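One structure is given below, encoded as structure tokens.
The values are calculated or read from the model by the stated rules, or taken from the named source; none is laboratory data. What you are looking at is a predicted structure, and each value in this text was computed from that prediction instead of being measured. Cβ placement follows ideal geometry from the backbone for every residue including glycine, while neighbour counts extend to all protein chains displayed. Just the protein is used for accessible areas: all its heavy atoms, side chains included, with ligands, DNA and RNA removed. Shrake-Rupley method; radii C 1.70, N 1.55, O 1.52, S 1.80 Å.
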Amino acid sequence: MKQHPSLLVRQRIPHADPRMHQLFDGWLAARDGSGVARRAAFDPMTISRMLEFVWIYRMSPGVGDYVCDLAGEEVNAVWGRSIKGRTLTEIVGVDHQTTLAARWDGVRGDPAILYSATASLPDPHFVHRVERMVLPMMAASG
């Protein structure tokens, strides 16, 4: 018997912040049985308590890089400025862009989901636990 995707994710990342599961459930609802969620179908109210932590990037073939379409207040605060409209390369630099873009390309191409968590970071002044869930969404244009 096939398990529901939400249950599988809860089993794979049981120690994740419960909001990660809430985000995944909202994405599943927008997916509506297809392989990838439609961005227009994603209801931000399903994650209203975490919108300040959310970012959305799109691959821009014309630019040849990911471009930030949306960044919550906490995301912008971490970067010290608004990152909306900036390319991934502008935000993280060439070295990190190469790594992140390869991961995100895999999420878009398979399609797949990507979860990562970091409890300790190289900067001793940065004391936050960082969790990320990268989920593919399809634009109206496909």
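At-a-glance table
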{"item": "Residue-averaged 222 nm ellipticity for the chain, from DSSP H runs of 4+ at -39500 (n - 2.57), nearest 500", "result": "-10500 deg cm²/dmol"}
{"item": "Equivalent ellipsoid semi-axes - Cα gyration tensor, the chain, angstrom", "result": "24, 20, 15"}
{"item": "Label-point gap, in nm, between K2 and D17 - each point 7 angstrom along Cα→Cβ", "result": "3.2"}
{"item": "Neighbour net charge for G85 - beta-carbon separation under 13 angstrom, K R +1, D E -1", "result": "+1"}
{"item": "Probe 1.4 Å - accessible area at W104, Å² to nearest ten", "result": "20"}
{"item": "Selected from P5, H21, L100, residue furthest toward positive end of dipole (the chain; charges at beta carbon)", "result": "P5"}
{"item": "The chain, accessible surface, carbon-and-sulfur percent (1.4 angstrom probe)", "result": "55"}
{"item": "Residues whose placed amide H lies under 5 Å from that of M138, excluding near-sequence neighbours", "result": "A37, R38, R39"}
{"item": "Computed magnitude of the charge dipole of the chain (debye, nearest 20; Cβ of K, R +1, Cβ of D, E -1)", "result": "340"}
{"item": "Kirkwood hydrodynamic radius over Cα pairs of the range 1-55, then Stokes diffusion coefficient at 25 °C and 0.890 mPa s, in µm²/s", "result": "206"}
{"item": "Positive-end extreme of charge dipole, the range 1-70 - chosen from V54, L70, A30 (charges on Cβ)", "result": "A30"}
{"item": "Solvent-accessible area of M137 with every protein chain in place, 1.4 Å probe, in Å² to the nearest 10", "result": "70"}
{"item": "Cβ charges +1 (Lys, Arg) and -1 (Asp, Glu), total dipole of the range 1-85, debye", "result": "260"}
{"item": "The chain, relative contact order in percent, only Cα pairs under 8 angstrom and at least six apart counted", "result": "20"}
{"item": "Probe 1.4 Å, all protein chains present, accessible-area order of H21, H15, largest first", "result": "H15, H21"}
